Amino acid sequence: MAIISLTTDFGEKDHFVGAVKGAVYREAEEVRIVDISHQVSPFNVEEAAYILGNAYRDFPEGSIHVYGVDSERNPDTRHIAVCFDGHYFVGADNGVMSLIIGEGTPEKMVEINLYNDMDTIFPCKDVFVRVACHIARGGKLEVVGKPIGELKSLKAFTPLLNTEQDTVTGHVVYVDNYGNVVTNISRQLFENVRRGRKFELYARNYRFEKIHAKYSDIVNFSIEKPLRDDDGKRLAVFNSAGYIELAMYRSNRDTVGGASSLLGLSYRDVVTVRFL
């Protein structure tokens, strides 16, 4: 049974998610639909790439991933279908796929050309679903589009390394459900540049001198539990996706707040690591 995943910025209030699912089942009743997220910030392609890029790897090979974020087709943005890492991706060529692929190499890429006289304001339902269901039935990408050689790249979102090789400048790419702040500085980049050196991480007026392997590393378990005062402490950690994340230990963004609100950090804010 084919799997089609959905990642969108549609939210849950409107009819859009239900309409997309209905269109899928109308085309291919036998498929299984999995919602990755419908809470991507509106038009935020980097956030969509972070969520989808870290979720698809846990799906079986051959899964089809539809992403509906900033999807309108226009002279600057085409619609694409891509086979990469044994998976299929269908959406707009707006930077999402270039961020997911990184330095990897797609097996196949096509520009979708199913339009004829169709001019839709809802491409996720009217175009992406048709392509995804075609793939789910065993169809070839060449049937739905013409081969392309490159994708729209968002180089501005890549962390920068200075010429002295002692400073990496990244930025916030995502704020999760706990209010934790995720940067685009990967553990691999950090270790490659670090080469055993000490470091200082700066975010606004806050400094971090250690990056933990897990959140509870900040807790001194030798102290009796009633005497600990760890909740709400700020920390840096390598998260499960392999990126530097800033967090408040066991905080609650709905009550006391999370790292985003308490540290005053939001999307695109600068985070700097200086090696000593």
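Derivation of every value follows stated rules applied to the coordinates shown; laboratory data play no part. Bear in mind that the values here come from a model prediction, so they are computed numbers and not experimental data. All Cβ positions, even for glycine, are placed from backbone atoms using ideal geometry, and neighbour counts span all protein chains on display.
I'd like the orientation of helix 45-55 relative to the chain: the angle between its Cα long axis and the longest Cα principal axis, in ° from 0 to 90, rounded to 10.
90
Filter the GluC sites (Glu not before Pro) in the stretch 1-32 down to the DSSP loop ones having no more than 13 other Cβ atoms within 10 Å, then list what survives.
Sparse-neighbourhood loop GluC sites (Glu not before Pro): Glu12, Glu29, Glu30.
Report, by chain and number, residues whose modeled amide H sits under 5 Å from the one on Asp166, excluding near sequence neighbours (fewer than 5 apart, same chain).
none
Where does each of 40-47, 262-269 land if you order them by average Cβ count within 10 Å, highest first?
My ranking of the peptides, most packed first, is 40-47, 262-269.
Which far-off residues, 5 or more places away or on another chain, put their amide H under 5 Å from the one on Ile185, with H placed in the peptide plane?
Counting only residues 5 or more places away or on other chains, the set is His171, Ile244.
In percent, how large is the relative contact order of the stretch 3-154, given Cα pairs closer than 8 Å and 6 or more residues apart?
Here the relative contact order equals 25 percent.
Given H placed 1.01 Å from N in the peptide plane, which residues other than close sequence neighbours of Gly145 have an amide H under 5 Å from its amide H?
So Gly145 has HN proximity to Asn113.
Just to check I understand the Karplus step: with θ = phi - 60° and J = 6.51 cos²θ - 1.76 cosθ + 1.60, what whole-Hz values come out for the stretch 190-205, glycine and proline as x?
4, 5, 5, 7, 4, 6, x, 6, 6, 8, 9, 10, 10, 9, 6, 9
How large is the helix-only mean residue ellipticity at 222 nm for the chain, computed as the sum of -39500 (n - 2.57) over DSSP H runs with n ≥ 4, divided by its residue count, in deg cm²/dmol to the nearest 500?
Rounded to the nearest 500, it is -5000 deg cm²/dmol.
Would you mind working out the magnitude of the charge dipole of the stretch 134-183 relative to its Cα centre, with +1 at each Lys and Arg C-beta and -1 at each Asp and Glu C-beta, to the nearest 20 Debye?
Here the size comes out at about 480 debye.
About the Cα centre of the stretch 1-78, what is the dipole size in debye to 20, counting +1 per Lys and Arg Cβ and -1 per Asp and Glu Cβ, all else neutral?
Computed charge dipole of the stretch 1-78: roughly 160 debye.
Hey, what do the phi angles of the stretch 176-183 turn into as Karplus ³J(HN,Hα) couplings, whole Hz, using 6.51/-1.76/1.60 and θ = phi - 60°, x for Gly and Pro?
8, 5, 8, x, 5, 9, 9, 9
Quick one: Debye curve from the alpha-carbon atoms of the chain only, equal weights, vacuum; give me log10 I(q)/I(0) at q = 0.09, 0.11, 0.16 Å⁻¹ to two decimals.
The computed values of log10 I(q)/I(0) come out as -0.49, -0.70, -1.18.
Taking a 24 Å limit on the Cα-Cα distance, which of the listed pairs Lys198/Lys225; Lys13/Lys233; Lys210/Lys233; Lys21/Lys108; Lys13/Lys125; Lys21/Lys140 fall beyond it?
Exceeds cut-off: Lys198/Lys225; Lys13/Lys233; Lys21/Lys108.
Note the full-extension length gain between Phe43 and Ile3 as 0.36 nm times their separation in residues minus their Cα-Cα distance, in nm to one decimal.
Roughly 11.9 nm would be gained on extension.
Distance between Cα centroids, the stretch 201-259 to the stretch 3-30: provide it in whole Å.
First find each Cα centre; the distance between them is then 37 Å.
For a quick check of your reading of the filter: which chymotrypsin sites (Phe, Trp or Tyr not before Pro) in the stretch 199-230 sit in a DSSP loop and have no more than 16 other Cβ atoms within 10 Å?
Phe221
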